[in-house]
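This report refers to the structure that appears directly beneath it.
The values are calculated or read from the model by the stated rules, or taken from the named source; none is laboratory data. None of the values given here were measured: they were computed from a predicted structure. Every residue, glycine among them, receives a Cβ derived from its backbone with ideal geometry; neighbour counts consider all protein chains shown.
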Amino acid sequence: MRKLIFIIYIILPFISNAQNLQGVVFGNEEDGKTTLPGVNIYWQGTNRGVVSTDEGTFEIKKGNNQHMLVFSFVGYETKVVHVDNLDKLEVVLEPNLEIEEVTVVKKDRGTYLSAMETIHTERIGSAELHKAACCNLAESFETNPSVDISYSDAVTGAKQIRLLGLDGIYSQLQIENLPDLRGLATTFGLTYIPGPWMESIQVSKGASSVVGGYESIAGQINAEIKKPDSGEKLFLNAYANHHGRLEFNANTSLKVYKDMLSTGILVHASGLGIRNDDNGDGFLDDPLSKQLQISNRWKFTNYKGFMIQAGINILTEDRLGGQVGFEEGMAQSVSNPYGISIKNNRVTGFMKSGIVSQDQRTALAILTNFTGHKTNSFYGLTNYDASETRFYGSLILTRDLDKNAVHTLNAGVSFIHDNFSESLYNINLDRVENVPGVFAEYTLKPVENMTLMAGIRADSHNMFGTFVTPRMHFRYKINDHLTLRANAGKGYRTANIVTENNYLLAGYRKLQWHDKNMQEEAWNYGVSLVQDYILWGRELQINTEFFKTDFHSQLVVDRESSAEFVILSPLSGKSYANSLQLDVRYQPIERFDVLLAYRLSDTKHTIGGELKELPLNSRYKGLLNLNYSTNLKKWMFNYTIQFNGGGRIPRHYEEGQNLTDISGSFYAFQPYTVMNAQVTRYFRYWNVYLGSENITNFKQPNPIEGAYNPFNHGFDASNIWGPVVGRKVYLGVRFLLNYN
């Protein structure tokens, strides 16, 4: 009987733990046991296997008739272990004394684009996250060609991503396959996931599985947090840069009952207490900030088909920005310096439970999470206060419809409750969303090289009525070298009129909207070709992809039709985004990885009856990433250079203005380049890293327009297209102690 096929990275990553065999591999060295990464582990007589992680851990599916597990690693004697049950294994390999010298012939490149996954997904592992300081999720994409990261404005420190040429609000952000970082977390949520907490990130492009909901339009970004049973006994990370930012992260795990029940605690503290104004415009380059987080997670598995995980996370954050002279507690007055104060308090929790039948053909899962978020803020003379309570729950049934796993069905129900309370300009923007939904997804895999996934869901919204979301994904491995993927699907989302645009409050113009409740709707189509070759004995991967997003309804941010207001209005006309990308991954010499990528973006929407290029969006992006590790990975060197194309700056044309200025620098920004580099020295239990971001010290000129008179017409801190902060030099230390 073949194993039940799960769409692991989309819906039920935890269920696989319940039917899989887990363990850790050690090498028996002179000074004691040490974990072994890169060990080949496979069932005897088959070609199905896995490789142990950087921490020596592994997880492999076990069939009913599979009992002999082989462990093979260069420099160590091969070991075969008889496996009767799913109890966690601890395997110790003995050195092969006949081998005097060991050469590592393959290293983890950090990012991986699988030829087997149905949906176009790039996996970013811990090796990639170590290539940069990676203080949080927002900073995890500095070496990634697909995701762009930039400041939303020049005063709050908020960061935003772009995927397929579209703002991050059109990508579904998840934590362990549960929707998160939405609503009030939209503006600053990317800084709420500390980098050292993450074990991996998955970036999926295009409309994803209907099982995950109806919101994914441009793609899906999922962050996997370190698990309580990951094998990390203690991990510490300390970071500091020369601008005065300090950060500390720690996590520990404890086995409460055998290997069945474990718990983990994660702690994060960061802050910036130095007032920096390198460009001399009188405003802080980065706001003063303090953030504290603590998370507690639990996991139980009986290794007989049942597993449950639960956890809670508490966060508090304060930001103080504006003019250099603004102090905490100062009154909001034109007689005082211009100031911005943002206070966020957030509590989140989750529970995931799954059970697998004895014949491994049926699985049932329950996924839930909740969020309580409150923000109190002011931007100059404008107050903005809001709170949100959100609950998400889904029940998913996975059924293998035949013994050969050719036909698989995922079906279930979901429910979303979102209670918003907002106030801006003394206008009440409260709303309550209740959205029950039902979905089904059929997967056909007639042969190993072909997969067709077709899904549909129907959701009943208390404000927008019932809507249907169809999606389809197709994968065909043409031969050993070529894998073709195609997808098409629709997505919907509720536009948070003020929450998603509150960074625009850092300007003289007020926000003006026609309707406080609006739903966006779009189709996404994509095709990609992944080519894998062996060139001069080394792996070469070429990825070519094209994605198109076509909006039927959209909230348009119009900064050009009025000198007094930023107008938030429904789309009247066309709006689309085209993204064409080519990237090449190769290792020309041993332990030297090269990533070369180039992407063209054509994103336009209708403003004032005219189809215009999306402002502040680079027309192209080129990226070169070089990574070299010495033998036994004692040293690692990483260098990244980004080439960003020019674009359009949104301007309100005033009567009497010289028309020749429209094509000048006042209305456009030119291409620019950003360089980052880092060197890491590894020791047995710890490593130290030194690096620099924005090495050439390139900064957008005049990031805050009208900075000399922020309470009057002309003040705007939101026209950001390039780096706001100049060169950063940083130093960090990591310490890791695993269970032996």
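Any chance the stretch 296-315 includes a residue that's in contact with a strand residue (DSSP E or B) (Cβ under 9 Å, 6 or more places away or on another chain), at pLDDT 95 or above, farther than 27 Å from Leu444 by Cα and of a type in the set (Ser, Thr, Tyr)?
Within the stretch 296-315, not a single residue is in contact with a strand residue (DSSP E or B) (Cβ under 9 Å, 6 or more places away or on another chain), at pLDDT 95 or above, farther than 27 Å from Leu444 by Cα and of a type in the set (Ser, Thr, Tyr).
Pull up the stretch 199-216, narrow it to residues that are under 17 Å from Lys548 (Cα atoms) and charged (D, E, K, R), then point me to the one that is nearest to the chain's Cα centre (by Cα).
Checked the stretch 199-216; the qualifying residue nearest to the chain's Cα centre (by Cα) is Lys205.
What are the residues in the stretch 325-350 that are among the aliphatic types (A, V, I, L, M), surrounded by fewer than 17 Cβ atoms within 10 Å (Cβ to Cβ) and closer than 30 Å to Tyr392 by Cα, if any?
Taking the stretch 325-350 as the starting set, the residues that turn out to be among the aliphatic types (A, V, I, L, M) are 330-331, 334, 340, 342, 347.
With the extra rule that they be surrounded by fewer than 17 Cβ atoms within 10 Å (Cβ to Cβ), the set shrinks to 330-331, 334, 347.
Answer for the stretch 325-350, where residues must be among the aliphatic types (A, V, I, L, M), surrounded by fewer than 17 Cβ atoms within 10 Å (Cβ to Cβ) and closer than 30 Å to Tyr392 by Cα: just Val347.
Ile497 fails exactly one of the following numbered conditions: (1) assigned to a strand (DSSP E or B); (2) touching an Asp or Glu at 6+ places or on another chain (Cβ under 9 Å). What is the number of that condition?
All conditions are met except number (1).
Taking the conditions exactly as written (basic (Lys, Arg) and part of a strand (DSSP E or B)), does Arg297 satisfy them or not? So that I can check it myself, show each step before the final result.
Working: basic (Lys, Arg): yes; part of a strand (DSSP E or B): yes.
When the stated conditions are applied, Arg297 passes them.
Go through (1) modelled with pLDDT of 75 or more; (2) over 22 Å from Leu261 (Cα atoms); (3) exposed (fewer than 14 other Cβ atoms within 10 Å of the Cβ) one by one and return the number of the condition Asn65 breaks.
(1)
What single numbered condition from (1) β-branched (Val, Ile, Thr); (2) under 30 Å from Gln541 (Cα atoms); (3) surrounded by fewer than 17 Cβ atoms within 10 Å (Cβ to Cβ); (4) touching a residue at least 12 places away in the same chain (Cβ under 8 Å) fails to hold for Thr483?
Unmet for Thr483, out of (1) β-branched (Val, Ile, Thr); (2) under 30 Å from Gln541 (Cα atoms); (3) surrounded by fewer than 17 Cβ atoms within 10 Å (Cβ to Cβ); (4) touching a residue at least 12 places away in the same chain (Cβ under 8 Å): (3).
One line per residue, one yes/no per condition, for (1) in the same structural domain as Ser341 (by TED's automatic domain parsing); (2) over 25 Å from Pro37 (Cβ atoms); (3) of a type in the set (Gly, Ala, Ser); (4) modelled with pLDDT of 95 or more:
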{"site": "Arg123", "(1), (2), (3), (4)": "yes, no, no, no"}
{"site": "Ala127", "(1), (2), (3), (4)": "yes, no, yes, no"}
{"site": "Glu139", "(1), (2), (3), (4)": "yes, no, no, no"}
{"site": "Tyr151", "(1), (2), (3), (4)": "yes, yes, no, no"}
{"site": "Leu163", "(1), (2), (3), (4)": "yes, yes, no, yes"}
{"site": "Ser171", "(1), (2), (3), (4)": "yes, yes, yes, yes"}
{"site": "Thr187", "(1), (2), (3), (4)": "yes, yes, no, no"}
{"site": "Thr191", "(1), (2), (3), (4)": "yes, yes, no, no"}
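Would you confirm whether or not the stretch 573-581 contains a residue that is touching a residue at least 40 places away in the same chain (Cβ under 8 Å), surrounded by 19 or more Cβ atoms within 10 Å (Cβ to Cβ) and over 23 Å from Ala207 (Cβ atoms)?
no
Conditions tested, residue by residue: (1) farther than 16 Å from Ser209 by Cβ; (2) in contact with a strand residue (DSSP E or B) (Cβ under 6 Å, 6 or more places away or on another chain).
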{"position": "Ser377", "(1), (2)": "yes, yes"}
{"position": "Asn383", "(1), (2)": "yes, no"}
{"position": "Ala386", "(1), (2)": "yes, yes"}
{"position": "Leu397", "(1), (2)": "no, yes"}
{"position": "Asp400", "(1), (2)": "yes, yes"}
{"position": "Gly412", "(1), (2)": "no, yes"}
{"position": "Phe420", "(1), (2)": "yes, yes"}
{"position": "Tyr425", "(1), (2)": "yes, no"}
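Against the condition under 28 Å from the mean Cα position of the chain (by Cα) and loosely packed, with under 14 Cβ neighbours inside 10 Å, how does Val413 come out, does it pass?
Values: under 28 Å from the mean Cα position of the chain (by Cα): yes; loosely packed, with under 14 Cβ neighbours inside 10 Å: no.
When the stated conditions are applied, Val413 does not pass them.
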